[in-house]
Amino acid sequence: MIIEAGNLVSVHYTGTFEDGEVFDSSQGRDPLSFQVGAGQMIQGFDQAVLGMKQGENKKITLAPEEAYGPRDEELLIDIPAEQFPEEMKLEKGMMLQLTNQAGQPVPATVAEISEESVKMDVNHPMAGKTLVFDIEIVEVK
């Protein structure tokens, strides 16, 4: 069966950055299952499995626009330092969860710390990165 939109597929995958560093893999775990075209996966991964068959392997390289998007410098926000609890030991690179105006959680990374403010980066951690995936189709339904 050739994969088309709407199929439920199970895949094994290994995701790496361009330098070969692995950032995620299903190896040693159950395969990842998703419905093709339902928006459950990043766009480029979803598109890559179209036309593949059970047992087939493929290596793909996704530009940021096909993955988590480009970095947006407007998503660096300054928060007054006094809004953080005094006992909180902030460090550059630390992941925190902020809350947007609608009360929804927003993951953020500490980008810079000064006496007056903390610059938080609310870009997705993988934004702006080219991603490489090795994909194996385990099952197609």
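Since every read-out is calculated from the coordinates, none of them should be taken as a lab result. In this text the structure is predicted, and so the values were computed from the model without any measurement. Cβ atoms come from the backbone with ideal geometry, glycine included; neighbour counts cover every protein chain shown.
Tabulated data for the structure shown
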{"quantity": "Tally, over the range 1-30, of residues that are closer than 19 Å to Leu131 by Cα, touching a strand residue (DSSP E or B) at 6+ places or on another chain (Cβ under 6 Å) and part of a loop (DSSP other than H, G, I, E, B)", "calculated": "1"}
{"quantity": "Among the residues listed as Glu91, Glu82, Glu87, the single one being surrounded by fewer than 15 Cβ atoms within 10 Å (Cβ to Cβ), part of a helix (DSSP H, G or I) and of a type outside the set (Ser, Thr, Tyr)", "calculated": "Glu82"}
{"quantity": "Positions within the range 94-126 being among the hydrophobic types (A, V, I, L, M, F, W, C) and exposed (fewer than 13 other Cβ atoms within 10 Å of the Cβ), in sequence order", "calculated": "Met95, Ala102"}
{"quantity": "Unique match (being over 18 Å from the mean Cα position of the chain (by Cα), of a type in the set (Lys, Arg) and either surrounded by 13 or more Cβ atoms within 10 Å (Cβ to Cβ) or on the phi > 0 side of the Ramachandran plot (or both)) among Lys129, Lys58", "calculated": "Lys58"}
{"quantity": "Criterion: of a type in the set (Gly, Ala, Ser), more than 16 Å from the chain's Cα centre (by Cα) and under 27 Å from Glu21 (Cβ atoms) - qualifying residue of Ala67, Ala81, Ala102, Ala111", "calculated": "Ala111"}
{"quantity": "Yes/no for Leu32 being surrounded by 15 or more Cβ atoms within 10 Å (Cβ to Cβ), under 30 Å from Val140 (Cα atoms) and hydrophobic (A, V, I, L, M, F, W, C)", "calculated": "yes"}
{"quantity": "Close pairs (9 angstrom Cβ cut-off, 6 or more residues apart or separate chains): among the hydroxyl-bearing types (Ser, Thr, Tyr) in the range 115-126, assigned to a strand (DSSP E or B) anywhere", "calculated": "Ser117/Asp78; Ser117/Ile79; Ser117/Pro80"}
